[in-house]
1. Test of understanding: ordering 142, 174, 129 by Cβ neighbours within 10 Å, fewest first, what list do you get?
2. So if we plug the beta-carbon distance of residue 241 and residue 215 into 1/(1 + (r/R0)^6) with R0 = 41 Å, what FRET efficiency do we get, rounded to 0.05?
3. Would segment 101-201 count as rounded, prolate or oblate if I go by the C-alpha gyration tensor, calling it rounded below 1.5 in a/c and otherwise prolate when a/b exceeds b/c, oblate otherwise?
4. Please work out whether segment 65-105 counts as rounded, prolate or oblate from its C-alpha gyration tensor, where a ≥ b ≥ c are the square roots of the eigenvalues and a/c under 1.5 means rounded, while otherwise a/b larger than b/c means prolate and anything else oblate?
5. Using a Förster distance of 25 angstrom, determine the FRET efficiency expected from the C-beta separation of residue 260 and residue 159, and round it to 0.05.
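Bear in mind these aren't lab numbers, they're just calculated from the coordinates by the rules spelled out. What you see is a predicted model; the values in this text were computed from it and never measured. As a convention, Cβ positions derive from the backbone with ideal geometry for all residues, glycine included, and neighbour counts pool all protein chains shown.
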């Protein structure tokens, strides 16, 4: 039987941040004020031109971030969205600045520690959700697990998928409010992209989440269109509401289109693996 090698799979066309740019809500384009990390320590402000010293500084800053997040939690404070964004960018810079497998694995390990601390600030049962914080946290999660998936050093792809799925359970719990339907569907779209990247180990439960989100997007699109057709008032307030609804409708339509594409591609991959005699492709150990 033909084996499906993890390291020979091509990266799916739609990347996480590519989709965010379409939706107009990329975490990379966020602007914030009074960031805790930006006023204390960051790789950008302390890194050295030297390659080796830069790597050491990067590791120190990532460890520093872990301590800062722990201290904030103990003191009852919370990091701002920009702090999460900067932490991710520091990890990106550190990862791109090293070449050896061991160094890249170390960078991923440090990113994992930071995400573990940041996850403690998610508030699934809170009446108010800091959607920008959740979006930045998810962007960090997506970056790390995409690097793991295509980094040619993963040992157990199925275990990593299980981890990212559990992290997304927390994310979706924070976005259950009906008022956050666009944010929730956007988060689900990003999750579906990871499911596509990890298609050989994606489980039926995760794909069902994506299908339910697709159904929700279709229902939201229909309701939004119905409200728009009912709006005959020419007042400024009505026009403003209509513009917001039109924007929301466009976003939901795009989310629906991309969700449907990802689901179809995952199902197609499963079908192809079945045709070559594999009910589920085996994990390959990469060194």
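1. Working: 142 26, 174 23, 129 20.
The order, fewest Cβ neighbours first, is 129, 174, 142.
2. Given R0 = 41 Å and the Cβ-Cβ separation, E is 0.95.
3. Details: a/c = 2.55, a/b = 1.67, b/c = 1.53.
Verdict is prolate for segment 101-201.
4. Since a/c reaches 1.5 but b/c is at least a/b, the shape of segment 65-105 is classed as oblate.
5. According to the calculation, E is roughly 0.30.
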